[in-house]
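Each remark here refers to the structure printed beneath this line.
Only the coordinates and a few stated rules stand behind these numbers; no lab work does. Please read all numbers here as calculations on a predicted model, not as lab measurements. Methodologically, a virtual Cβ is constructed for each residue, glycine included, from the backbone with ideal geometry; neighbour enumeration extends over all protein chains shown.
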Amino acid sequence: MEKIHISEPTAHNLISFDRPNNQEWKEVFNQVKYQIETDGYCVIQAGSTDRSVLLELAKYFGNPQRSLGSDEWGIAEVSTFNNGNKNILTSQNQYLSNTAQEFPCHTDGAFLLGIAKTKDGRLLQISPPKLVVLQMVNTAEEGGASVLVDSQRVLEDALDWDSDLVKVLLKPCVAYARGDQLACSSVFERISSETWRIRWRYDFTTLVEESAGDAIKLFHSKYISNPKYQKRFYLQPGEILIVDNFRVIHGREAFKERTEKSRLLNVVWIADTEKFFINPVCQLKYQQVYDLYEPYTNAEVENRKPAISVCAGIQLSPNRQAIAKQLLCELL
Ligand SMILES: O=C(O)CCC(=O)C(=O)O
Ligand SMILES: [Fe+2]
C-alpha cells in the first residue's frame, strides 16, 4: 500500500492515492476538502481511468446531478466523439465541450435556474452544481490544457481597485441562455451571510443589459482573461480534477486530436444542497416547465458513502466583506 501524500507543490494541487482502505479514504478526503476550501480546486491522482473510480470518489462529496448530456449515473463524456445527446442543442453546435475548440473559462450549468418534480412528487430547485469532478481518460495529441481562474482572488482585487465595476457585477443584469434554459442573475451573488458565488460564461450564451455591456467586457479583459489570475496545466490520464463551481471558473485550450483515439474526459456534477418548493395554497398543478428541468435532477446513488461536506463559494476577508456588503446595499 502506497503511503498517501500530497506531493511537492507542482503546477497544481496534486493528491495521490492508490486504492486506499477505509481509514485511508478518510484521510485522503480530509486533504481533498482542505485543498478545495483553501484553493478552490484539487487534483487527485487515482491511477486508473475507470469510470467506477470516478463515481466512487464523487459519491463522497454529495449527490451526482444529472444533465442533458449525462447518463443515469450522472457521468457525461466530454469528447469530440460524443453525440450521446443527439438533440437539437448538439446539432446547433451549442455544446462547446464536444468540439476541439477552446472552451473559455466558465462555471458549469450557468444557465440553470428552475424547478423540477422529483420521483416522489416534490418540487426541487435546479441550479448549477456545487462541485465539478473531471476525470481525464485520454489526452489530446497537442493542446487541451485545463485553465482555472480563482474568482475569489479576482473579486478581492476588483473590490480594491474597481468598486464601480463590482457594483455592476452584483446587479442582476446578466442572463445565460442555452436551448430552453435561461438564468437571469448577477455575476456575483451572496449565498449566505459570509459567502458569495460566481456564475459565469462569456460566449454565445451570455446576455447582458445594454447599460452593463462595457462593464462585463472590462471584467473579462482586465480580470478573467488576465494571465495573472490563470492557472494552466495538463491533466494526465487517471487524474481527477475537483473544482468548486461557485468559486473557480474552468476552461480548456483548443486541441489537436490523436489519430488513433480522441481526447476524453468523464465529468460528474455534484449537486448543491437540496432546496424544495411548495405551493402555499395547496393547489399544486402540473406545469410544463418542470419537465424541462427533470433531466437535471439528482442521479440515484447506490451504497451511499458518508458525505464529506465541502464549504463551497467565495470567502472574503472581513474588510472586503464589509465593502462588498456595502456595495450591495447601495444597489437598493
Ligand atoms: O474539456 C475540458 O477539459 C473541460 C470541458 C468542460 O469544462 C465542460 O464540458 O464543461
Ligand atoms: Fe465545464
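Relative to the Cα centre, the charge distribution of the chain, modelled as +1 at Lys and Arg Cβ and -1 at Asp and Glu Cβ, gives a dipole magnitude of about 440 debye.
What is the Cα radius of gyration of the chain over 2.2 N^0.38 Å, N being its residue count? Please list the in-between numbers first.
Numbers: Rg = 19.7 Å, N = 332, 2.2 N^0.38 = 20.0 Å.
Rg over 2.2 N^0.38 Å, computed on Cα atoms: 0.99.
Can you give the % of DSSP beta bridges in the chain that are antiparallel, to the nearest 5? DSSP beta bridges in the chain are roughly 95 percent antiparallel. If the limit is 32 Å between Cα atoms, which of Lys59/Lys119; Lys217/Lys261; Lys59/Lys222 go over it? Exceeds cut-off: Lys217/Lys261; Lys59/Lys222.
Structural descriptor for the chain: relative contact order 33 percent, calculated from alpha carbon pairs under 8 angstrom and at least 6 residues apart.
Between Gln321 and Tyr234, what is the FRET efficiency for a Förster distance of 35 Å, r being their Cβ-Cβ separation, to the nearest 0.05? Before the final figure, lay out each step's value.
Details: r = 36 Å, r/R0 = 1.02.
The value I calculate is 0.45.
The helix-only estimate of mean residue ellipticity at 222 nm for the chain, built from DSSP H runs of length n ≥ 4 each weighted as -39500 (n - 2.57), is -6500 deg cm²/dmol after division by the residue total.
When Trp269, Trp200, Trp161 are arranged by Cβ crowding within 10 Å, least crowded first, meaning fewest neighbours, the order is Trp161, Trp200, Trp269. Loop-resident chymotrypsin sites (Phe, Trp or Tyr not before Pro) (DSSP state other than H, G, I, E or B) in segment 271-330 with no more than 12 further Cβ atoms inside 10 Å of their Cβ: Tyr286. For the pair Ser192 and Ala307, label points projected 7 Å from Cα toward Cβ lie 1.3 nm apart.
In this structure, Gln288 and Gln94 have a Cβ-Cβ separation that, at R0 = 22 Å, corresponds to a calculated FRET efficiency of about 0.55. At an R0 of 56 angstrom, the distance between the Cβ atoms of Lys222 and Arg122 translates into a FRET efficiency of 0.80.
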